[in-house]
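Undergrad: Quick one: structure below, then a few questions.
The values are calculated or read from the model by the stated rules, or taken from the named source; none is laboratory data. What you see is a predicted model, and the numbers here were worked out from it, not measured in a lab. Heads up, the Cβs are rebuilt from the backbone with ideal geometry, glycines too, and the neighbour counts pull from every protein chain shown. To get the accessible areas, we keep the full protein, side chains included, count just its heavy atoms, and leave off ligands, DNA and RNA. Shrake-Rupley method; radii C 1.70, N 1.55, O 1.52, S 1.80 Å.
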Amino acid sequence: MPDITLTTLHGLKAKGEKITMLTCYDATFAKAASQAGVEVLLVGDSLGMVLQGHDSTLPVTIAEMAYHTACVKRGNQGALILADLPFMAHATLEQSFANCAQLMRAGAHMIKVEGAAWLAETIGLLADRGVPVCAHMGLTPQTVNVLGGYKVQGREHAQAQRLRADAVALEQAGAAMLLLECVPSALASEIAQAVSIPVIGIGAGSGTDGQVLVLHDMLGLSLSGRVPRFVKNFMADQPDIPSALSAYVKAVKDTTFPAPEHGFSA
Ligand code: KIV
């Protein structure tokens with residue numbers, strides 16, 4: 001059991017304190033980030049891009065996710081570990097059960113799945129079986145080929161309505177948390193107010209209940225050279241990595257990050 005639990009995160013939302021999350025893929029950074037006060041370490045399938053050098057997250061396997069989750073567990077000092085189900089790992093219910101079991105055995109406390117209302121049954125059945133689920137909505141990188149690129153989602157009225165309705169449906173189905181990626185700030189804020197579970201944002205403005213960034217991005221490292229507008233380089237004015245991690249936690253908590261220029265308009 002981590003020091004930070006799902007109950008802690010729900011309590012932070014209830015009292016209006018922002019939740020801090022960062023991606024993390026190894027033991028050394030798990031120790032540094034958790035010691036800096038990062039509450040949730042996300043073993044994201046972004047590791048396919050930032051560690052493995054792929055141009056998408058699609059090649060990442062469940063075995064690789066389990067390996068990195070186990071690495072993070074060894075260094076973690078009390079943060080909640082959230083691990084991603086990679087591409088196609090939740091295509092069927094049976095696959096979802098087996099793959100969640102693998103990640104939970106490796107050390108995950110919660111599982112993140114990309115999708116929307118079509119995931120309601122899966123999320124409910126996983127919750128019944130002891131797996132808290134975070135539903136990743138908006139820009140879902142595993143469906144980049146369907147979306148036609150890494151684009152802001154929810155700008156059109158119908159799309160925004162669907163995102164709102166899906167968020168409520170997934171809470172009702174038993175989701176423990178939501179993650180919104182690249183949605184207009186005003187819409188993300190509305191969704192965070194419409195549900196009682198924590199809503200974490202990336203490129204979703206400051207009105208969500210917490211923030212996440214990819215570790216390499218916030219340390220000013222970029223393989224592709226393309227830096228999304230929602231990224232802030234916390235190394236820019238800090239002397240070392242532990243200070244940059246602490247600066248990120250402070251900026252999320254005191255709501256100076258994200259600033260309006262890190263978000264998207266409708
Ligand atoms: O895989 C990942 O790192 C993620 C974040 C971008 C939220 O899903």
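Undergrad: For the range 130-142, enumerate the residues that are touching a strand residue (DSSP E or B) at 6+ places or on another chain (Cβ under 9 Å) and farther than 17 Å from ARG162 by Cα.
TA: VAL131, PRO132, VAL133, CYS134, PRO141, GLN142
Undergrad: Among the listed residues LYS13, LYS31, identify the single one that is in contact with a helix residue (DSSP H, G or I) (Cβ under 6 Å, 6 or more places away or on another chain) and away from the ligand (no atom under 13 Å from the Cβ).
TA: LYS31 is the lone residue from the list that is in contact with a helix residue (DSSP H, G or I) (Cβ under 6 Å, 6 or more places away or on another chain) and away from the ligand (no atom under 13 Å from the Cβ).
Undergrad: Another question, then. Show the residue pairs that are 6+ apart or on different chains and have beta-carbon atoms under 7 Å apart, the first residue being within the range 44-72 and on the phi > 0 side of the Ramachandran plot, the second being open to solvent by 20 Å² or more (accessible area, probe 1.4 Å).
TA: Partner pairs satisfying both residue conditions: GLY53/LEU223.
Undergrad: Separate question: Sort out which residues of the range 57-71 are more than 11 Å from the ligand (Cβ to nearest atom) and either assigned to a loop (DSSP other than H, G, I, E, B) or among the aromatic types (Phe, Trp, Tyr) (or both), and write them in order of number.
TA: LEU58, PRO59, THR61, TYR67 - these are the residues of the range 57-71 that are more than 11 Å from the ligand (Cβ to nearest atom) and either assigned to a loop (DSSP other than H, G, I, E, B) or among the aromatic types (Phe, Trp, Tyr) (or both).
Undergrad: Just name the residue that is most open to solvent (accessible area, probe 1.4 Å) out of those in the range 218-266 that are outside any loop (DSSP other than H, G, I, E, B) and without any contact (Cβ under 8 Å) to a residue 40 or more places away in the chain.
TA: Once the filter is applied, the top-ranked residue is LYS250.
Undergrad: Still on this structure, please answer the following. Looking only at residues in the range 189-208 that are assigned to a helix (DSSP H, G or I) and open to solvent by 10 Å² or more (accessible area, probe 1.4 Å), which one is nearest to the ligand (Cβ to nearest atom)?
TA: Step one: of the range 189-208, the residues assigned to a helix (DSSP H, G or I) are 189-194.
Next cut, open to solvent by 10 Å² or more (accessible area, probe 1.4 Å) only: 189-190, 193-194.
Values: SER189: 18, GLU190: 20, GLN193: 21, ALA194: 21 Å.
The qualifying residue nearest to the ligand (Cβ to nearest atom) is SER189.
Undergrad: Name the residue, out of LEU179, LEU147, LEU139, that is under 25 Å from GLU261 (Cβ atoms) and either touching a Pro at 6+ places or on another chain (Cβ under 6 Å) or free of Cβ contacts under 8 Å to residues at least 24 places away in the same chain (or both).
TA: Of the residues listed, the single one that is under 25 Å from GLU261 (Cβ atoms) and either touching a Pro at 6+ places or on another chain (Cβ under 6 Å) or free of Cβ contacts under 8 Å to residues at least 24 places away in the same chain (or both) is LEU147.
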